[in-house]
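Read the structure below first, then the notes.
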Amino acid sequence: MKLLVVSALLCGLMVLTTAASKRHLVKRSTGCPFGWTRNSDRCFLFVPTAMSWARAERHCLSMGANLASVHSSSENRMIQSLTAHHGYPETWIGGTDAPEEGIWLWNDGTSFHYSPWCPGEPNNDRNQHCIQMNHGDSKCWDDMGCDRHLPSVCAKKV
Ligand SMILES: [Ca+2]
Ligand SMILES: [Ca+2]
């Protein structure tokens, strides 16, 4: 009898833990669309197709996202890791100073406080108003002409 009770309890526990792990799986798989990478409360997608900054942003918008804003070195590294399979190409992120020279803004409306610029950047060379990451050997940020065609990274809230 005791054995029966114990095995019934074990069965119950197994059902419970299986249900819990299933819930966990479901949560993980629905947090972000397929192919997107979750980091904290956002989903990120590397888009290898080279486009101008504005077209890259419009492409992100079509998926309910914006070009990615970046707020810390760990976020910067995480986004870089999404570009690793493609050899760390120069890649658009969502920063621009097009509305007013030298006033950098994120197009998703978040505050601009972190910016690992390369030495000597941003230099606004011949009117550069958009941010590319992975520039140079140290893969830092550089302001670049927005009409240049580059891969990009989209981001959206979970
Ligand atoms: Ca500029
Ligand atoms: Ca520059």
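The values are calculated or read from the model by the stated rules, or taken from the named source; none is laboratory data. These figures come from a predicted structure and were not determined experimentally. Backbone-built Cβ (ideal geometry, glycine too); neighbour counts: all protein chains shown.
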Q. So E57 clears everything in (1) among the acidic types (D, E); (2) within 16 Å of ligand 2 (Cβ to nearest atom); (3) in contact (Cβ under 8 Å) with a residue 12 or more places away in the chain; (4) not in a strand (DSSP E or B) except one condition, right? Which one?
A. (2)
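Would you say G136 is within 16 Å of ligand 1 (Cβ to nearest atom) and at pLDDT 95 or above?
no
Every residue, every condition in (1) crowded, with 20+ Cβ neighbours inside 10 Å; (2) of a type in the set (A, V, I, L, M); (3) without any contact (Cβ under 8 Å) to a residue 40 or more places away in the chain, yes or no:
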| site | (1), (2), (3) |
| --- | --- |
| S52 | no, no, no |
| G94 | yes, no, no |
| D108 | no, no, no |
| H113 | no, no, no |
| G136 | no, no, yes |
(Q) Being under 14 Å from the mean Cα position of the chain (by Cα) and either on the phi < 0 side of the Ramachandran plot or within 16 Å of ligand 1 (Cβ to nearest atom) (or both) is true for just one of E101, E75. Which residue is that? (A) E75
Q. Is it the case that the range 67-90 has a residue that's farther than 17 Å from G109 by Cβ, touching a Cys at 6+ places or on another chain (Cβ under 9 Å) and modelled with pLDDT of 95 or more?
A. no
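If only one of P99, P48 is more than 16 Å from ligand 2 (Cβ to nearest atom), in contact with a Pro (Cβ under 6 Å, 6 or more places away or on another chain) and at pLDDT 95 or above, which one is it?
P48
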**Q.** So A65, is it within 13 Å of the chain's Cα centre (by Cα) and farther than 16 Å from H135 by Cβ
**A.** yes
Q: Mind telling me which of the residues V47, V70 ends up being more than 16 Å from ligand 1 (Cβ to nearest atom), within 13 Å of P151 (Cα to Cα) and β-branched (V, I, T)?
A: V47
**Q.** Search result, residues across the range 117-130 that are surrounded by 14 or more Cβ atoms within 10 Å (Cβ to Cβ) and more than 10 Å from ligand 1 (Cβ to nearest atom)
**A.** W117, C118, E121
